[in-house]
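In what follows, a single structure is set out as structure tokens and then discussed.
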Amino acid sequence: MNYQKIPDETIKRMPMYLRAFSILKTENQDTISSSQLAERLHLNPPQIRKDLSYFGAFGTRGVGYPVASTADQIRGILKLDVPQKAVLVGAGRLGAAIAEYPGFALFDLNIAAIFDNDPSKIGTKIGTNIVEDIEKIDTIKACDIHLAILAVPADTAQSVVDGLADCHIKGILNLSACYLAVPKSIKVVTIDLAMELGTLPYYMM
């Protein structure tokens, strides 16, 4: 299946479905209908059915989606059926908060290394990781790490990304408030908290 043709918005909703099915699994629920799932996620049933149909057959008409196997299928689609390791660049307040965020565990995502260029942070411990010198970033080549989280100032972000591109990184979560130029082989997802917050007043009545 050519996942490249699947809408980005659908891909963005898949982790939400995975979280829902994972929680349902802990609640010992065996099946759930698209209507029940839609109510839980504040979506509409046709949207859920359409999203999942991109990836093949899910569930049984009149019965619903089997919780455990659907969770496993979605994990496979997202390539989360094996633990994924990420490198975090930036050990400031934002980076430190990200490093200890417990929500990654649900998706088997692990912050495996942290780097910074601040001498006062290098050598300190955040969570289970010792902050390393950014000059040694190429050491991740031997660690089977293909994901990166960028939590550095905008004026240094591009140079950091250039270094990550040489380290076989394939996906970057960019929390720096800037555009990044990367090779086509690297997928970048940018989250600018100020811009996101800046949209909310528009919806205020």
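Values in this text are rule-based calculations from the coordinates and carry no lab data. Please read all numbers here as calculations on a predicted model, not as lab measurements. Cβ atoms come from the backbone with ideal geometry, glycine included; neighbour counts cover every protein chain shown.
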Quickly rank 184-190, 137-143, 150-156, 86-92 as a protection proxy: mean count of other C-beta atoms within 10 Å, highest first. 86-92, 150-156, 137-143, 184-190
Simple SL model, points at 7 angstrom along Cα→Cβ for Thr60 and Leu43; separation in nm is 2.3
Helix 193-203 axis, angle to the chain major axis (alpha carbon atoms, nearest 10°): 40
DSSP-loop GluC sites (Glu not before Pro) across the stretch 3-88, with at most 11 other Cβ within 10 angstrom: Glu27
Nearest-ten-degree value, helix 8-26 long axis tilted from longest Cα axis of the chain: 70
Within 12 Å, Cβ to Cβ, of Arg19, how many net charges do the neighbouring residues add up to if Lys/Arg are +1 and Asp/Glu are -1? +4
Could I have the simple spin-label model distance between Cys143 and Ile23, label points 7 Å from Cα toward Cβ, reported in nm to one decimal? 3.2
Hey, what angle do you get for helix 67-77 against the long axis of the chain, alpha-carbon based, 0 to 90 degrees rounded to 10? 40
Mind giving me the nanometre distance, one decimal, between the label points for Ser69 and Met205, set 7 Å out from Cα along Cα→Cβ? 4.5
Taking the alpha-carbon distance from Lys121 and a cut-off under 19 Å, which lysines remain once sequence neighbours fewer than 8 residues away in the same chain are dropped? Lys136
Mind sorting Thr26, Thr31 by how few other Cβ atoms lie within 10 Å of their own Cβ, fewest first? Thr26, Thr31
